[in-house]
Amino acid sequence: MTGLSVNRVAAPLAVLVAVGAVYGLTTLRHTVTLGDGRPQLPPAAVAATSAVSGCPSLGGQAAGDVALIAAPATAGPGQAQLVQLAGGRQLPSVSQPGQLALAPVRASSAARHKPAVSGPQIQTVTVPGGVVVQASGSMARGLEVEQVSATGVPAGRCASPGTDFWFVGPGQHTAARIDLHLLNAGRQSADVNVEASTDAGPLQGSTDTGITVPPRSMVVQSLATVLHGSRVVALHVRTSVGQVVAAVDEATSTGGSGGWLPIAQRPADRVVLPGLPATAGTRQVFVAVPGTRDAHLELTAVTARGSYQPTGGTGLDIPGGAAVSIDLPSLSGVPAALKLTSNVPITASAMVTGGSSGAPGAFTAAVLPLQQQGVVAYNRAGGGTDSQLVLSAPGAAARARLTEIGGTGKTQIVQVAAGHSLVEVLGKGGGSGRASAFAVVITPLAGSGPLYVGRVVIRSGTGGRIQDMLPVASVLTKVPLPQVRNVPITTVP
């Protein structure tokens, strides 16, 4: 009762004090200065102090490495702890920001088993795979994590837990196996909804609201059956409770290895797909149009020779709710970014000839321009392998600093002309094998226009085959804070 009485008195008293303060300030009509110091503006951003990343391909039936770096090096204590979800096995921790670390991950012998909740038409099983990286302090600033196969080839970017993911790629006609991986790095269950669209439109009854992902575990949905005969597929993965790391694995056969689709940018009326390589081969763009409105699409190639609409990239009308593929044979061997402009929101990915063994191809996807910096944790040079960056400035000219960490340790400034792309070979003069692994940091400089970057790893020599592609995403060292505005109070005398 005492607490209740105090609350009843305190609330009206607080109102009286507030009203009196407003009245006093409005009748004085003078500026009131509290203290002698200058006004202290709130910070626009604060340094990141924690970060989490999940790697779905490792720790299950596949062995390999986790490549991670917190860049650039910053002062202060910090640690990145790696945990293999199978059995909760802790891997060696990393506490040196600014240096590339490779943590080996062994395959697990544990078997799959069915979870408590599964869709009526879609097989869902829990798997013993997945590695979680949890960083704090200086190791959380600019943290980038990649999966590396047992053969030393990059296998995809590890992602932060979220509530909304998009994937666009070839359908079951090309990919005999399409698996959705959902990794829960948290300590409470997550509930996940999945919606699918194909070249035939929205998949009726495809919404799966019955996926429960237990804490500190990973489940896999096999989608090939419900996507049977599709040539293009778009997946929208959302959580109603909790957060997950979503990833999609596609393979040309039901058994064996495949490749990972990159996460695509959320739908917008203008998207950019970076990193098309200079290698020869097919070029396919996969576009998803959510909603019911039809899209009128304009496609522009941003190349080393300037920007233009390639053959097959004009007069494109796409029905609402559908996902389609567009062939661009004229871009074979042309390093470029693709700019897609639409009257309604869209998202997209692109596939080129190559990729890991068993994959339909190598992929890039729509991504936002770099903010603060982009980091690629794992690159290789020498031993028959080249790593390259394809930097593109679809709008104003861009300017950036490239810093290699490990390998040659080279730093250089690059300039990309407005409406052009530029190819930069990394690790020139590097060694061979695993000793040649290095990271690269891409930092847009003051006054730079929007910069989009893709990393490609190819077998060196004439006609080299693409081993891996990666659209480079922003990796923040500081977290922006929402702006607080002063709202004037107007009173009537």
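The values are calculated or read from the model by the stated rules, or taken from the named source; none is laboratory data. These figures come from a predicted structure and were not determined experimentally. FYI the Cβ positions are ideal-geometry reconstructions off the backbone, even for glycines, and counts take in every protein chain you see.
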Practice problem: Would you please name the residue that is surrounded by the most Cβ atoms within 10 Å (Cβ to Cβ), looking only at residues in the range 247-271 that are part of a strand (DSSP E or B) and out of contact with any Gly (no Cβ under 8 Å at 6 or more places or on another chain)? | Solution: Ala264
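Name every residue in the range 72-107 that is assigned to a strand (DSSP E or B), among the polar types (S, T, N, Q) and touching a helix residue (DSSP H, G or I) at 6+ places or on another chain (Cβ under 8 Å), in order of residue number.
Residues of the range 72-107 that are assigned to a strand (DSSP E or B), as a first pass: 78-84, 89-94, 101-105.
Add one more test, that the residue is among the polar types (S, T, N, Q), and what stays is 79, 81, 84, 90, 93.
Once the filter is applied, which keeps residues that are assigned to a strand (DSSP E or B), among the polar types (S, T, N, Q) and touching a helix residue (DSSP H, G or I) at 6+ places or on another chain (Cβ under 8 Å), the range 72-107 yields only Gln79.
Give me the residue from the range 141-187 that is farther than 24 Å from Ala80 by Cβ and among the acidic types (Asp, Glu) and, out of that set, nearest to the chain's Cα centre (by Cα). Please lay out each step first, then the result.
Pass one, the range 141-187, residues farther than 24 Å from Ala80 by Cβ: 151, 164, 166-180.
Checking which are among the acidic types (Asp, Glu) leaves us with 164, 179.
Numbers: Asp164: 11, Asp179: 18 Å.
The residue in question is Asp164.
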Quiz item: Using beta carbons and a limit of 9 Å, which pairs, at least six apart or on different chains, have the first residue in the range 143-162 and within 15 Å of Val475 (Cα to Cα) and the second one among the basic types (Lys, Arg) and outside any loop (DSSP other than H, G, I, E, B)?
Solution: Glu144/Arg157; Val145/Arg157; Glu146/Arg157
Quiz item: What about Arg266, is it more than 18 Å from the chain's Cα centre (by Cα) and at pLDDT 95 or above?
Solution: no
Quiz item: Only one of (1) surrounded by fewer than 24 Cβ atoms within 10 Å (Cβ to Cβ); (2) in contact (Cβ under 8 Å) with a residue 40 or more places away in the chain; (3) touching a strand residue (DSSP E or B) at 6+ places or on another chain (Cβ under 7 Å); (4) not in a strand (DSSP E or B) is not met by Gly312, so which one is it?
Solution: (2)
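When you look at Thr364, is it hydroxyl-bearing (Ser, Thr, Tyr) and within 23 Å of Asp199 (Cα to Cα), yes or no? Lay out the reasoning, then the answer.
On the way: hydroxyl-bearing (Ser, Thr, Tyr): yes; within 23 Å of Asp199 (Cα to Cα): yes.
Yes; evaluated as a whole, the condition is true for this residue.
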Quiz item: Taking into account only those residues within the range 123-167 that are part of a loop (DSSP other than H, G, I, E, B) and of a type in the set (A, V, I, L, M, F, W, C), which is nearest to Ala45 (Cα to Cα)?
Solution: Cys158
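Any residue at all in the range 284-304 that is surrounded by fewer than 18 Cβ atoms within 10 Å (Cβ to Cβ), in contact (Cβ under 8 Å) with a residue 60 or more places away in the chain and either part of a loop (DSSP other than H, G, I, E, B) or not hydrophobic (A, V, I, L, M, F, W, C) (or both)? Talk me through it step by step, then tell me what you get.
So in the range 284-304, the residues surrounded by fewer than 18 Cβ atoms within 10 Å (Cβ to Cβ) come out as 291-294, 296, 298, 304.
Those left that are additionally in contact (Cβ under 8 Å) with a residue 60 or more places away in the chain: 304.
Now drop any that are not either part of a loop (DSSP other than H, G, I, E, B) or not hydrophobic (A, V, I, L, M, F, W, C) (or both), which leaves 304.
For the range 284-304, residues surrounded by fewer than 18 Cβ atoms within 10 Å (Cβ to Cβ), in contact (Cβ under 8 Å) with a residue 60 or more places away in the chain and either part of a loop (DSSP other than H, G, I, E, B) or not hydrophobic (A, V, I, L, M, F, W, C) (or both): present.
Does at least one position in the range 40-57 carry a residue that is loosely packed, with under 10 Cβ neighbours inside 10 Å and either modelled with pLDDT of 55 or more or under 24 Å from the mean Cα position of the chain (by Cα) (or both)? Outline the logic, then answer.
Filtering the range 40-57 for residues loosely packed, with under 10 Cβ neighbours inside 10 Å gives 40-42.
Next, only the ones that are either modelled with pLDDT of 55 or more or under 24 Å from the mean Cα position of the chain (by Cα) (or both) stay: 42.
Yes, that holds for at least one residue.
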Quiz item: Can you tell me which residue in the range 228-240 is farthest from the chain's Cα centre (by Cα), limited to those that are surrounded by 21 or more Cβ atoms within 10 Å (Cβ to Cβ) and either without any contact (Cβ under 8 Å) to a residue 40 or more places away in the chain or farther than 16 Å from Ile211 by Cβ (or both)?
Solution: Ser230
Quiz item: Is there a residue in the range 229-236 that is part of a strand (DSSP E or B) and on the phi > 0 side of the Ramachandran plot?
Solution: no
Quiz item: Given the conditions (1) surrounded by fewer than 23 Cβ atoms within 10 Å (Cβ to Cβ); (2) at pLDDT 95 or above; (3) not aliphatic (A, V, I, L, M), and given that Ser357 satisfies all but one, which numbered condition is not satisfied?
Solution: (2)
Practice problem: Test Gly64 against the stated conditions and say whether it is farther than 18 Å from Arg216 by Cα, out of contact with any helix residue (DSSP H, G or I) (no Cβ under 8 Å at 6 or more places or on another chain) and in contact (Cβ under 8 Å) with a residue 60 or more places away in the chain. | Solution: yes
Exercise. Take Gly407 and decide whether it is modelled with pLDDT under 90 and either crowded, with 24+ Cβ neighbours inside 10 Å or in contact with a strand residue (DSSP E or B) (Cβ under 9 Å, 6 or more places away or on another chain) (or both).
Key: yes
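Consider the range 63-82. How many of its residues are more than 20 Å from Gly142 (Cα to Cα) and either modelled with pLDDT of 95 or more or surrounded by 17 or more Cβ atoms within 10 Å (Cβ to Cβ) (or both)? Don't jump to the end; show me each part of the working.
The first filter runs over the range 63-82 and keeps only residues more than 20 Å from Gly142 (Cα to Cα), leaving 63-64.
Those still in the list that are either modelled with pLDDT of 95 or more or surrounded by 17 or more Cβ atoms within 10 Å (Cβ to Cβ) (or both) too: 64.
Number of matching residues: 1.
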Exercise. Determine which member of the set Val367, Val324, Val344 is surrounded by 20 or more Cβ atoms within 10 Å (Cβ to Cβ) and assigned to a strand (DSSP E or B).
Key: Val324
